[in-house]
Structures are given as C-alpha cells and as structure tokens.
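Worksheet: one structure, shown below.
The values are calculated or read from the model by the stated rules, or taken from the named source; none is laboratory data. Computed from a predicted structure; not experimentally measured. Ideal geometry is used to build each Cβ from the backbone, glycine not excepted, and the neighbour counts take in all protein chains shown.
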Amino acid sequence: MNETIEKLPRFSFSDLYTYDECVFQLAEKKAKRFVEPKSEAMIVGGYIHALLEGEKATSDYIVNNYDLMVGNKGKKNEGVKVAYQRAEEVALFVKCTDVYKGYADAEKETKFAIDSGKGYVISGVVDVLKIDHENKKVEIADWKSVASFDESFNKETRTYDAWYDRAVEQLSLYAWAVKQMHPDASDYALEMKVVGFTKTFPYNMQIVEITGDMESLEMSTSVDVVLAKIDNMAYAINDETAQDYYCHACDCCAINKKFKVIQTTMM
Ligand SMILES: [Zn+2]
C-alpha cells in the first residue's frame, strides 16, 4: 500500500449503516473523535471470525483483545467465559460443514483498500476468497453469525427483502474489490455465498447463493448502486454541515450532549 492511500479517508460497507443511522456519529468516527465501544456480541463475533480464519488469527485475536475477553473478575467473568466457549463450539460446528471444507485452499480474511480516485479509499475484508484459474471462477463468501434465522435468510419473513438487498450490495462491492486486485480474473464466473450460522445451540446453517459474473458485476442490483451510495456518503461527510445531522439516540450523540429539543407551542 502506498503512502498517498494511507493518508486518504477510508469508507467501508458497514459505514453505510452508521451513515443511515447517524451522520454525526460517522463524521466523528472519521475525525477520530469517537470510537464505538465494542459490544459483547461484536467481540464474540470477531472471535468466531478469527477461529474460522485459522490458528494464527485466533492467537492474535486473543492477544489483542485479552482485556475484553477476560472481562471483570467475579460473576460477569463467568458470562464472558461461557460466550467464548460457545464461540468455539460454533466455529467447530462450521468447520465440520462441507461448505467450510470446500474453502480449505481459499484465502481467508482478505483485506482490501482501493483508491476510488475521488479522494477517498474503499476498504473492507472479504471473509473467503477463492480464485480458481483452471475453471475460471471466483468464489466469495461472507460468514454471518445470527441469533436466529427469523430476521434474515428466511424468505417468509417481512425483513427478508431488505436483508437480501444489503447482502447483495455487500458482496457486489467485494466482487468489485476483487476485480481491482485481480484483473486477470475479471472475466471469470462469480459465485457468492452468504453463509449464516446460529450462535446458540442447536447450531444450524443456512446459505444464500448469489451468482453473477465478474465482467458485468450485475447481480440483482448493479455494483454501481453501492459505489454511488459510498460516493454520496464520502462527499456528505466532508461537508461541514454533515455535523448537523444527529440521531439524538446513539452513544456518540449522548457523549456530545446532542439532546433532542422538543418545541411546544401554546395555543
Ligand atoms: Zn447519533
């Protein structure tokens, strides 16, 4: 990575979530004035990802998050221990599945940082990336640990369409990033999977497959839609007035005392 890229602001797919929720929070994050506190679920989720990546990633994760993982002494510590034991059970379950075994020779947790050419960098992490030059095929997968399949993966639920659209957008962006990093694979077939698994017993797995091709990157929505959203976000955050859009409800708004003022008019 060169020095110029290092200095540019970075935007990831998950920043779009923050942007939707609270523009002020994202602006504060980018200005390094606010760091989102890691929730228990985030730490456990990160641990599961590290376990699925491999031994080195797992030991690095433990070293880097030791304080958070050990928690406080006493009763709370027991809860934390149970959460990590469960993460290990979940990872073991995933590792025994055919889909995980099929990715034995795939690259895990591929980090990307691509210069948009517009003064910012698009960054992210591809959980699984397999480039099969023999069969001219790119495979991309994203691990999603869920509490249950009620909110996602299930076509019968009312939240499914919105969830599915986001998953397609995320994976399309990853495919675009892979195309920038591997131009030799830019005319390959593309197979993308969202691999969901439950975090609690009984462990279960559901897979949503999205197919396309590297050449057009046209899935149910075009990658252009996602890139346009990121572009819009990058410009809005740069604008001074971005600071004026508060959600009034997040940790960042609370810390900065951005309380909602309700005006009442007496008749
Ligand atoms: Zn907020």
- Query: Tally time: how many residues in segment 125-148 are out of contact with any strand residue (DSSP E or B) (no Cβ under 6 Å at 6 or more places or on another chain) and not hydroxyl-bearing (S, T, Y)?
  - Reply: 6
- Item | Of all residues making up segment 15-52, the number that are assigned to a helix (DSSP H, G or I), without any contact (Cβ under 8 Å) to a residue 60 or more places away in the chain and away from the ligand (no atom under 16 Å from the Cβ) | 8
- Say whether the condition of being farther than 22 Å from E151 by Cβ and hydroxyl-bearing (S, T, Y) is met by at least one residue in segment 196-210. no
- Item | Some residue of segment 210-231 being among the hydrophobic types (A, V, I, L, M, F, W, C), in contact (Cβ under 8 Å) with a residue 12 or more places away in the chain, over 23 Å from V138 (Cβ atoms) and touching an Asp or Glu at 6+ places or on another chain (Cβ under 9 Å) | no
- Given segment 65-118, what helices (runs of 4 or more DSSP H) lie entirely inside it while holding 3 or more residues that are at pLDDT below 95 and either touching a Leu at 6+ places or on another chain (Cβ under 6 Å) or more than 22 Å from L129 (Cβ to Cβ) (or both)? 66-70, 75-95
- Any idea which residue in segment 237-258 is modelled with the highest pLDDT, counting only those that are within 15 Å of the ligand (Cβ to nearest atom) and closer than 13 Å to P9 by Cβ? I237
- Query: For segment 132-183, how many residues meet the condition of being in contact with a Gly (Cβ under 6 Å, 6 or more places away or on another chain) and among the basic types (K, R)?
  - Reply: 1
- Message: Being in contact with a Ser or Thr (Cβ under 8 Å, 6 or more places away or on another chain) and loosely packed, with under 14 Cβ neighbours inside 10 Å narrows it down to one residue among K111, K32, K81; which is it?
- Response: K111
